[in-house]
Amino acid sequence: MAIELDQLDVQLLNVVQHDNQLTAAQLSEKIPLSPSAVLRRLTRLRNTGAITQEVAVLSDEFLRSRVSGVVHVQMKQHSPDVVRALKAALIDQPQVQLMFEISGTFDLLLLIVERDLAAFVAFTDEALAGSPHVHRFETSFVKTRLKATLAIPVDGRDVTG
């Protein structure tokens with residue numbers, strides 16, 4: 001389903017991607033709309049699926065004791081049932097923060113976050129090494145998180161209405 005956006009929707013999406021805790025009054029100071037119009041637009045953007053999730057981003061201070069690894073996964077076979085089964089098994093794991101199906105030598109790219117190295121190894125041993133669908137995987141551990149965002153710049157090319 002295509003989501004109809006105008007320039008005000010684009011402005012609103014860019015603002016709330018960086019701070020979704022702003023009140024309607026604060027948003028109306030940044031976007032030339034009344035607070036009630038801002039609320040109506042936000043409701044429409046949520047209902048149409050333009051906004052699918054609103055989350056809290058945890059601080060580096062809180063996360064400093066966690067272990068993060070970027071994991072490349074190569075599957076044994078690529079039949080639709082096998083691909084679907086592996087993706088479904090990994091999507092349900094809270095340790096898997098991001099999962100992309102990618103092109104090239106590997107099939108999946110994961111960001112896995114665990115409490116410590118022992119938990120990380122236990123998780124990958126069970127979920128990946130123990131999976132009949134995984135041929136091999138390679139892990140690169142994150143030394144420093146330099147940037148973490150899911151904000152996607154929205155601009156005039158996204159305007160449809």
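Throughout, read-outs are computed from the coordinates displayed, never taken from laboratory work. Here the structure is a predicted model, which is why all the values come from computation and not from measurement. Because the Cβ atoms are built from the backbone with ideal geometry, glycine has one as well, and the counts that use them run over all protein chains shown.
With r as the distance between the Cβ atoms of residue 101 and residue 149 and R0 = 30 Å, compute the FRET efficiency 1/(1 + (r/R0)^6) and round to 0.05.
0.90
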Listed by chain and number, the lysines with an alpha carbon less than 28 angstrom from that of residue 143, same-chain partners under 8 positions apart left out, are 87
Radius ratio Rg over Rh of the chain, counting only Cα atoms, Kirkwood formula for Rh:
1.07
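Less than 15 Å Cβ to Cβ from residue 4, Lys/Arg counted +1 and Asp/Glu -1: what total charge do the surrounding residues give? Display every interim value, and only then the final one.
Details: positive: 40, 41, 44, 46, 157; negative: 6, 9, 158.
With Lys, Arg at +1 and Asp, Glu at -1, the neighbours total +2.
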Given an 8 Å cut-off on Cα distances and at least 6 residues of separation, report the relative contact order of segment 7-56 as a percent.
29
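Taking R0 as 45 Å, what FRET efficiency do you get between residue 119 and residue 30 from their Cβ-Cβ distance, rounded to the nearest 0.05?
Between residue 119 and residue 30 the formula returns 0.60.
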